[in-house]
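In what follows, a structure is listed as structure tokens, so that the remarks can point back to it.
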Amino acid sequence: MALAKLIFLFMKNFKLKMIPERTIKPREKGLTMVMDKGLSVREAEDMISVSGDYIDIIKLGFGTPFVSPNLVEKIKLYQQNGIIVYFGGTLFEAYVVRNQFDDYLKVLERYKLTHAEVSDGSIEMPHDIKLDFIDKLSNHVTVLSEVGSKDVEKILPPYQWIELMQTELQAGAWKVIAEAREAGNVGVYRSSGEVREGLVQEILTQIPEEKIIWEAPQKAQQTYFIKLVGANVSLGNIAPNDIIPMETLRLGLRSDTFSFFLGKGVKYMTKKK
């Protein structure tokens, strides 16, 4: 067993049998992407002190980097703790719709960002143009590409989701992100937050699960994907206070997944009548 893996295992407070094996950082699957909607540097430090080992990616949500103070300090903090940090796709769209893509590249360079998100959830963009942006941007940084609309009325059929994901990966995206917004009520979810199960399962017949980050801000959504794909499914738009609780979901240490990872031969203790 690799030293890094041993260190990760011994960080747990005590031993427990039949806990699913988690990938270790830097991970290619089982990623946790956390949404930072304007944390202070102190709040970010506190979050890392408790949850840093479980955070792989920080998304500085929508246009918050434009107005957040101490941005340089916070980005450095994340990067120094082995966490990928990038600006949300809405900021990319804000630059593109104003014909300022070159300025966007300068912003990424100025803040020494290694990753960026390409999305078209808030603007109408021909798909060939989006693919061109992915290709151009991938010459500078690692690209995450978001698929799906923020418009609750815009429902894409499964074949279109698959085609979009396939072509965006081929254009140079490292991962594709399945849109849900921070509320979890669009994209791969119905307005109620219910998972569009047929859509998700059809996507997984064509797109490798390790290439997808499912935005899943709600506990029921996280539970669904953990049960469908396993403990090492990649999940995004996780709130800072939900990082540890979600890790317990991944490990079967919360009622929602408690029985899921237990062996069939386990004998349960029952109360005497």
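Taken over segment 200-223, the criterion of being in a helix (DSSP H, G or I) and buried (at least 21 other Cβ atoms within 10 Å of the Cβ) is satisfied by 203, 221, 222.
Quick check on residue 23: is it surrounded by 12 or more Cβ atoms within 10 Å (Cβ to Cβ), in contact with a Phe, Trp or Tyr (Cβ under 7 Å, 6 or more places away or on another chain) and not acidic (Asp, Glu)? Against the criterion (surrounded by 12 or more Cβ atoms within 10 Å (Cβ to Cβ), in contact with a Phe, Trp or Tyr (Cβ under 7 Å, 6 or more places away or on another chain) and not acidic (Asp, Glu)), residue 23 does not qualify.
Residue-by-condition table, conditions (1) over 17 Å from residue 120 (Cα atoms); (2) touching a residue at least 40 places away in the same chain (Cβ under 8 Å); (3) of a type outside the set (Asp, Glu):
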residue: 148; (1), (2), (3): no, yes, yes
residue: 162; (1), (2), (3): no, yes, yes
residue: 204; (1), (2), (3): yes, no, yes
residue: 228; (1), (2), (3): yes, no, yes
residue: 232; (1), (2), (3): yes, yes, yes
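For residue 78, indicate whether it is of a type in the set (Phe, Trp, Tyr), within 17 Å of the chain's Cα centre (by Cα) and either part of a helix (DSSP H, G or I) or modelled with pLDDT under 95 (or both). Here the answer is yes, as residue 78 does meet what is asked.
Output the residues belonging to segment 257-270 that are more than 17 Å from residue 232 (Cβ to Cβ) and either modelled with pLDDT of 55 or more or surrounded by 14 or more Cβ atoms within 10 Å (Cβ to Cβ) (or both). Full working, then the answer.
So the first thing to find is which residues in segment 257-270 are more than 17 Å from residue 232 (Cβ to Cβ), and the list is 258-259, 262-270.
Correct list: 258, 259, 262, 263, 264, 266, 267, 268.
Please determine whether any residue of segment 153-161 is crowded, with 17+ Cβ neighbours inside 10 Å and hydroxyl-bearing (Ser, Thr, Tyr). No, every residue in segment 153-161 fails to be crowded, with 17+ Cβ neighbours inside 10 Å and hydroxyl-bearing (Ser, Thr, Tyr).
Hey, any hits in segment 90-110 for a residue that's at pLDDT below 95 and on the phi < 0 side of the Ramachandran plot?
Here is the first cut: in segment 90-110, the residues at pLDDT below 95 are 90.
Those still in the list that are on the phi < 0 side of the Ramachandran plot too: 90.
Looking for residues that are at pLDDT below 95 and on the phi < 0 side of the Ramachandran plot, one finds at least one in segment 90-110, hence yes.
Considering only residues of segment 123-167 that are hydroxyl-bearing (Ser, Thr, Tyr) and part of a strand (DSSP E or B), which is farthest from residue 192 (Cα to Cα)? The residue in question is 142.
Residues in segment 95-109 that are surrounded by fewer than 18 Cβ atoms within 10 Å (Cβ to Cβ) and touching a residue at least 24 places away in the same chain (Cβ under 8 Å): 97, 101, 105, 109. Going through segment 130-170 one residue at a time, which ones are under 18 Å from the mean Cα position of the chain (by Cα) and among the acidic types (Asp, Glu)? Selection gives 146, 168.
The values are calculated or read from the model by the stated rules, or taken from the named source; none is laboratory data. Just so it is clear, the structure is predicted and the values come from calculations on it, not from any experiment. In this analysis, Cβ positions are derived from the backbone assuming ideal geometry, glycine residues included, and neighbour counts consider all displayed protein chains.
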